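Participant: Questions regarding the structure given below will be posed in turn.
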Amino acid sequence: MMDSHASTTNLPDSAEAQAHAPHGEEEHAHPTWSTYWKVALILTLITVGEVWAYYVPSFVASRAFVPTLLTLSAVKFATVVMFYMHLKYDHRLFRVLFTGPLLIASITLLALLFLFGHLHIKIM
């Protein structure tokens, strides 16, 4: 007796999946090792910049210190999510569902920085 879950074709699983995939969707190529190497280098350079900023006393005392570190952290976060969590290669809906709340959180953070006096806009 034949297994009810057995495939009715003689194609390998990947070929069968492609045969049943909708024709309008393209499968994106997975990043290569060189892409991951470049992303890791960029993340390392951002981290070096963050550590360097912390060890410059005049910069730590300035009002630009906190927003700079927050910006660098947000860039690192977005880079990790887009490449290492493969969000860049996922369906657009997943990107919107992830970046929407991130945008709301970023705007809230900026509003709190203005509210508590860490950022100022000078209007002439």
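The values are calculated or read from the model by the stated rules, or taken from the named source; none is laboratory data. Please read all numbers here as calculations on a predicted model, not as lab measurements. Here Cβ is always computed from backbone atoms with ideal geometry, including for glycine, and neighbour counts include all displayed protein chains.
Participant: Quick check on A74: is it in contact (Cβ under 8 Å) with a residue 12 or more places away in the chain, among the aliphatic types (A, V, I, L, M) and touching a Phe, Trp or Tyr at 6+ places or on another chain (Cβ under 8 Å)? Break it down stepwise before answering.
Facilitator: Details: in contact (Cβ under 8 Å) with a residue 12 or more places away in the chain: yes; among the aliphatic types (A, V, I, L, M): yes; touching a Phe, Trp or Tyr at 6+ places or on another chain (Cβ under 8 Å): no.
Answer is no for this residue.
Participant: Moving to a separate point now. Take region 89-98 and flag every residue that is free of Cβ contacts under 8 Å to residues at least 12 places away in the same chain, part of a helix (DSSP H, G or I) and either exposed (fewer than 14 other Cβ atoms within 10 Å of the Cβ) or hydroxyl-bearing (S, T, Y) (or both).
Facilitator: R92, L93, F94, V96, L97
Participant: Please go through region 50-59 and pick out each residue that is surrounded by 11 or more Cβ atoms within 10 Å (Cβ to Cβ) and more than 27 Å from the chain's Cα centre (by Cα).
Facilitator: V56, F59
Participant: Of the conditions (1) at pLDDT 85 or above; (2) surrounded by fewer than 13 Cβ atoms within 10 Å (Cβ to Cβ), H120 satisfies every one except a single condition; which number is it?
Facilitator: Result: H120 fails condition (1) only.
Participant: Checking G117 against (1) in a helix (DSSP H, G or I); (2) small (G, A, S); (3) over 30 Å from T35 (Cα atoms): exactly one of these is not met. Which one?
Facilitator: In the conditions (1) in a helix (DSSP H, G or I); (2) small (G, A, S); (3) over 30 Å from T35 (Cα atoms), G117 misses (1) alone.
Participant: Taking the conditions exactly as written (over 12 Å from the mean Cα position of the chain (by Cα), modelled with pLDDT of 85 or more and surrounded by fewer than 14 Cβ atoms within 10 Å (Cβ to Cβ)), does V80 satisfy them or not?
Facilitator: no
Participant: Sort through S106, S62, S73 and tell me the only one that's out of contact with any strand residue (DSSP E or B) (no Cβ under 9 Å at 6 or more places or on another chain), modelled with pLDDT of 80 or more, surrounded by 14 or more Cβ atoms within 10 Å (Cβ to Cβ) and closer than 28 Å to V48 by Cβ.
Facilitator: Numbers: S62 fails: surrounded by 14 or more Cβ atoms within 10 Å (Cβ to Cβ); S73 fails: surrounded by 14 or more Cβ atoms within 10 Å (Cβ to Cβ).
Result of the check over S106, S62, S73: S106.
Participant: Identify the residue in region 60-71 that is of a type in the set (A, V, I, L, M, F, W, C) and assigned to a helix (DSSP H, G or I) and, among all such residues, is nearest to the chain's Cα centre (by Cα).
Facilitator: Of everything passing the filter in region 60-71, L70 is nearest to the chain's Cα centre (by Cα).
Participant: Follow-up. Test of understanding: among A29, A40, A19, which residue is within 30 Å of V80 (Cβ to Cβ) and at pLDDT below 90?
Facilitator: Only one candidate passes the filter, namely A29.
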